[in-house]
Amino acid sequence: MGKIPERAQQIATASVIGAIAGLALFGHRGGKRALLGVLGGAAGLGAVEAAARARQRPDEIPALWARIAMSGALAAPAGWLAGLAGAGTVPVATAAGAAAGALGLRPQKVALGPVVGAAVGLGLAGEQRRRQLPPILRSEPQPGRAAAAGAAAAAAALTVTTFRVASALLFRDPQVSLLASQIPKEDVPFVVPLASRTRYVGTGYVKDLAVTLGGQYTADIADIGIIASLDELAGPGLDPHAVDPLVREFYEHTTRFGLDIVPEWRLWVRPGYLLYRTLLAQPLGQASVPMNQRAAQRGVRSRIDTVTGAPGSPQVIRGWIRSYADTGEPIYVGIYTTYRHEGRGYVSVGFPLPQASFTATLEPRARPGGGLILDSRGETTQSGHYLTYIDPKTSELTVLAVQGFAERLDVYVDDRGDLRAEHAFAVFGIPFLVLHYRMHRKHGLRLQRHQLVGESRDELLE
């Protein structure tokens, strides 16, 4: 037998989901109606999937109306199971709304979900509202647990569908979009396509990367920067020669500095971040920011490992690794690169994930007083955040643009001559975290700012 075409498999899968949804909605109304529900659900959702796939263009996800229909169908059997366990219409609808809102990620959607669910549940529970709905939503014909499960299935499906429609009307700006699929890395220079081969990234990632790429690994270089030269970032918004020498030194000789971090979290995000850190960041060994000042006071160890001589890779791959000084637990493992596009320089930071990478591409510009700003919301289309899946067989990339995430890094020298940075993050337009950095020289090296200018700067530093 030949291989079944991919589109046929997609339509068949949708038909099965539709049949299960139809059974959940109509199963309590007798054998004949249950059979009609199964057949109608299979035919209906199968037809929706077929129409959506026929209209789908390359590098596009299925149409919104098809995704809404699918999500409603998936909610029906979940609601049926909850109703069979004894949950009422209002709790089921509220829970379905909360789950749909949480999957939307945007804080506004998280808040909207349970509100929509409660409203739908209360409406269905009301006598007058039930009389106005189609028979499927009435529980009178066959009272009992089966009827209650059917009503719960209808409540869940209607809640999720209503929420998805309301979200589409209220939040029109896409927060995640598919940029391209199965393309070579040369087509997306703003992506750092370096993934983790294992489920744990950790502080040994760069060493493992050297083995994978066939390059030479060097650990904890004593005097190196996250970028080779600030001149690589020259462009309309930045004259590197106007940047304060201390700021320039930090980027070109990062390992000369120690870091003190003071995290400032918004209260609303702390419970969610605690869950994320416990369930995802710590087991992954990646992106585990200090939760509070007490955690930050454990101390941060900063080092840069490199890979050189890897075939088909940049001359030097720089991995900036930050970990807690007392335990070595990873905070961040980032691969720092620069590239130029149409007369501008950019900084791209790749955070390896299992078979994927999350990239922050930042556009540089001058900050008053000789400082430097790196912003993911720049003037061009290059800057932004990108989630990339890397095909393990072909190394081709599938790239998603994550418009809902934003960050801005301000690096400057304060009035006392101290080097500082403010790293601000926002999700869906709502600020949620600022990391306050103070950078200080290691080994007690102290030079005045005027000593760091001119041709003798490097000699003085030595």
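Could you tell me which of the residues ALA366, ALA360, ALA295 is surrounded by fewer than 20 Cβ atoms within 10 Å (Cβ to Cβ) and more than 19 Å from ARG438 (Cα to Cα)?
ALA366
For segment 95-111, which positions are in contact (Cβ under 8 Å) with a residue 40 or more places away in the chain and either outside any helix (DSSP H, G or I) or in contact with a helix residue (DSSP H, G or I) (Cβ under 6 Å, 6 or more places away or on another chain) (or both)?
Listed by number, the residues that qualify are ALA96, GLY97, ALA100, GLY101, GLY104, LEU105, ARG106, LYS109.
Residue-wise test of (1) among the β-branched types (Val, Ile, Thr); (2) at pLDDT below 85; (3) surrounded by 24 or more Cβ atoms within 10 Å (Cβ to Cβ).
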| position | (1), (2), (3) |
| --- | --- |
| ALA100 | no, no, yes |
| ARG106 | no, yes, no |
| VAL110 | yes, yes, no |
| PRO114 | no, no, no |
| ALA118 | no, no, no |
| LEU133 | no, yes, no |
| ALA153 | no, no, yes |
| PHE163 | no, no, yes |
| ALA166 | no, no, no |
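Condition check ((1) modelled with pLDDT of 90 or more; (2) among the charged types (D, E, K, R); (3) open to solvent by 40 Å² or more (accessible area, probe 1.4 Å); (4) over 25 Å from the mean Cα position of the chain (by Cα)) across all residues:
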{"residue": "LEU284", "(1), (2), (3), (4)": "yes, no, no, no"}
{"residue": "GLY299", "(1), (2), (3), (4)": "no, no, no, yes"}
{"residue": "ALA310", "(1), (2), (3), (4)": "yes, no, no, yes"}
{"residue": "ASP326", "(1), (2), (3), (4)": "no, yes, yes, yes"}
{"residue": "ILE335", "(1), (2), (3), (4)": "yes, no, no, no"}
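In this structure, is VAL434 among the hydrophobic types (A, V, I, L, M, F, W, C) and in contact with a Pro (Cβ under 9 Å, 6 or more places away or on another chain)?
Yes.
Could you check segment 389-405 and list, in sequence order, the residues that are at pLDDT 90 or above, open to solvent by 20 Å² or more (accessible area, probe 1.4 Å) and within 13 Å of the chain's Cα centre (by Cα)?
Scanning segment 389-405 gives TYR389, LEU400, VAL402, PHE405.
Filter the helices (runs of 4 or more DSSP H) completely within segment 143-257 down to those with at least 2 residues that are within 30 Å of the chain's Cα centre (by Cα) and within 29 Å of ALA421 (Cα to Cα).
205-213, 245-252
For segment 68-91, enumerate the residues that are of a type in the set (Gly, Ala, Ser) and either buried (at least 24 other Cβ atoms within 10 Å of the Cβ) or within 30 Å of ALA51 (Cα to Cα) (or both). Lay out the reasoning, then the answer.
Restricting attention to segment 68-91, the residues satisfying the condition of being of a type in the set (Gly, Ala, Ser) are 69, 71-73, 75-76, 78-79, 82-83, 85-88.
ALA69, SER71, GLY72, ALA73, ALA75, ALA76, ALA78, GLY79, GLY83 - these are the residues of segment 68-91 that are of a type in the set (Gly, Ala, Ser) and either buried (at least 24 other Cβ atoms within 10 Å of the Cβ) or within 30 Å of ALA51 (Cα to Cα) (or both).
The values are calculated or read from the model by the stated rules, or taken from the named source; none is laboratory data. None of the values given here were measured: they were computed from a predicted structure. Every residue, glycine among them, receives a Cβ derived from its backbone with ideal geometry; neighbour counts consider all protein chains shown. Areas reflect the complete protein model, heavy atoms only, side chains present, ligands, DNA and RNA absent. Shrake-Rupley method; radii C 1.70, N 1.55, O 1.52, S 1.80 Å.
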